[in-house]
1. About the Cα centre of the chain, how large is the charge dipole given +1 on each Lys and Arg Cβ and -1 on each Asp and Glu Cβ? Please answer in debye to the nearest 20.
2. Once you order the gyration tensor axes a ≥ b ≥ c over the Cα atoms, which shape class does the chain get: rounded for a/c under 1.5, otherwise prolate or oblate by comparing a/b with b/c?
3. Sort region 37-98 into rounded, prolate or oblate with this rule: let a ≥ b ≥ c be the square roots of the eigenvalues of the Cα gyration tensor; rounded if a/c is under 1.5, and if a/c is not under 1.5, prolate when a/b is larger than b/c, oblate otherwise.
4. Of all accessible surface on the chain at a 1.4 Å probe, what whole percent is carbon and sulfur?
5. What full-extension length gain, to one decimal in nm, is calculated for Asn83 and Ser25 as 0.36 nm per residue of separation minus the Cα-Cα distance?
Amino acid sequence: QVQLVESGGGLVQPGGSLRLSCVGSGIIFSRNDMGWYRQAPGKQRELVARITRGDTTNYADSVKGRFTISRDNAENTVYLQMNNLKPEDTAVYYCSANFFAAYYWGQGTQVTVSS
């Protein structure tokens, strides 16, 4: 049974930082491309950042220079370091694992950026 469990969300003021974590089980973590997506109220889910099994990364334009995705295969964990947060970053953040045609999702963690 595949499980992706996110943590690290919360309420932060504009300009602040958060670090999201996602621990995977039931998959060969190192063989999966891992990603972070987000969904704001009334909007579609969008890709935030992705890291391939070869450690290639890509980011949404809106977060480039502020967010960093990384992975620790020994710990079956992918991270999203979020700096200089803005109110428009408010959303539920989801972790994903992708191996060829298979996609798996976590339950999401809420990030709220507000003063």
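1. Charge dipole, the chain, about its Cα centre: 120 debye, nearest 20.
2. Prolate, since a/c reaches 1.5 and a/b exceeds b/c.
3. prolate
4. Solvent-exposed carbon and sulfur of the chain make up 46 percent of the total.
5. Taking Asn83 through Ser25 to full extension adds about 18.1 nm, to one decimal.
The values are calculated or read from the model by the stated rules, or taken from the named source; none is laboratory data. Here the structure is a predicted model, which is why all the values come from computation and not from measurement. Cβ sites come from the backbone with ideal geometry, for glycine too, and all protein chains shown count toward neighbours. The protein model used for the area step is the full one, side chains on, heavy atoms only, and it has no ligands, DNA or RNA in it. Shrake-Rupley method; radii C 1.70, N 1.55, O 1.52, S 1.80 Å.
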